[in-house]
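Nothing in this text is a laboratory measurement; each read-out follows from the coordinates by a stated rule. None of these values were measured; they are calculated from a predicted model. Ideal geometry is used to build each Cβ from the backbone, glycine not excepted, and the neighbour counts take in all protein chains shown.
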Amino acid sequence: VRIFGDLNSGNCLKVKYTADHLGLRYDWTDVDITKGESRVAGFLAKSPMGQVPVVEFDDGRCLAQSNAIIRYLARGSSLLPDDAFTQAKIDEWLFWEQNSHEPSIATTRYHIVYLNRSLEEREAWRVARGEQALDLMERRLGEDEWFVGRTMSVADIALLAYTRLAHQGGFDLAARPRVRRWISRCERVLNLQPAS
Ligand SMILES: N[C@@H](CCC(=O)N[C@@H](CS)C(=O)NCC(=O)O)C(=O)O
């Protein structure tokens with residue numbers, strides 16, 4: 001398979017973490033979104049959504065949307081148990097991540113890391129929603145070590161990508177020890193160095 005992505009993007013890193021953990025062989029093609037490379041005709045032919053990540057399979061079929069991709073790659077592995085209700089609980093977190101976590105935490109980081117805005121320019125409503133999302137994660141991790149089930153699943157990978165980079169958007173995890181321990185737990189399993 002070929003993965004089209006940007007290694008600074010958490011959405012793309014979700015796909016890398018999943019593929020690496022599963023030991024999948026893939027070619028990585030860098031797409032520079034700051035130069036609009038995901039909006040050119042050749043890329044739009046692979047995904048009309050015009051965003052990375054996109055995965056192209058050997059038979060030419062393409063798949064976009066990070067959480068759809070990791071869910072598909074993980075089928076048959078411990079990252080996505082077969083039980084239908086367990087999968088639905090994983091989907092709960094995947095949808096929540098896209099609706100309530102990524103638009104606040106990832107977008108705030110995007111403004112700072114990609115657009116070079118200052119911390120003072122952060123949008124208050126996104127900051128408030130991001131803080132709420134992190135608080136909810138802290139509460140959830142008071143009950144269990146993983147978001148769904150007794151081992152790491154794609155729900156953890158989807159949430160990990162931008163949570164471990166949240167400080168780059170000015171979010172402070174100091175008062176969220178369970179989230180910090182969960183990040184370390186995920187990093188150990190995925191063999192990742194702590195993010196700077
Ligand atoms: N919901 C999508 C979001 C993808 C997304 O926002 N990709 C960004 C990078 S993180 C992108 O390609 N931006 C360039 C653009 O929109 O032109 C997913 O989860 O894959």
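Structure notes:
- Region 156-182-region 43-67 distance, computed between alpha-carbon centres (Å): 28
- For the chain, lysine pairs with C-alpha atoms less than 21 angstrom apart, excluding pairs fewer than eight positions apart on the same chain, total 4.
- Charge tally in the Cβ shell below 12 Å around Phe85, where Lys, Arg are +1 and Asp, Glu are -1, Phe85 excluded: -3
- The largest-to-smallest principal axis extents of the Cα set in region 102-191 are 40, 25, 20 Å.
- Cα-based shape type of region 42-115, given that a ≥ b ≥ c are square roots of the gyration tensor eigenvalues and the cut on a/c is 1.5: oblate
- Nearest-20 debye value, region 44-189 charge dipole, Cβ charges on Lys, Arg, Asp, Glu: 280
- Think of the chain as having a plus end and a minus end, set by charges on the Cβ of Lys, Arg, Asp and Glu; of Trp182, Ile33, Asn67, Trp182 sits farthest toward the positive end of this dipole.
- Low-density loop positions, trypsin sites (Lys or Arg not before Pro), region 54-114 - DSSP coil, at most 15 other Cβ in 10 Å: Arg61, Arg75
- Annotation note: chymotrypsin sites (Phe, Trp or Tyr not before Pro) in region 1-105 located in DSSP loop regions with a Cβ neighbour count of at most 14 within 10 Å are Phe57.
- Full extension of the chain segment joining Arg39 with Gln193 gains 52.2 nm, where the gain is 0.36 nm per residue of separation less the Cα-Cα distance.
- The alpha carbon gyration tensor of the chain gives principal lengths a ≥ b ≥ c with a/c of 1.5 or higher and a/b no greater than b/c, which makes the shape oblate.
- For GluC sites (Glu not before Pro), the sites in region 115-159 that DSSP calls loop and that have at most 14 other Cβ atoms within 10 Å are Glu123, Glu143, Glu145.
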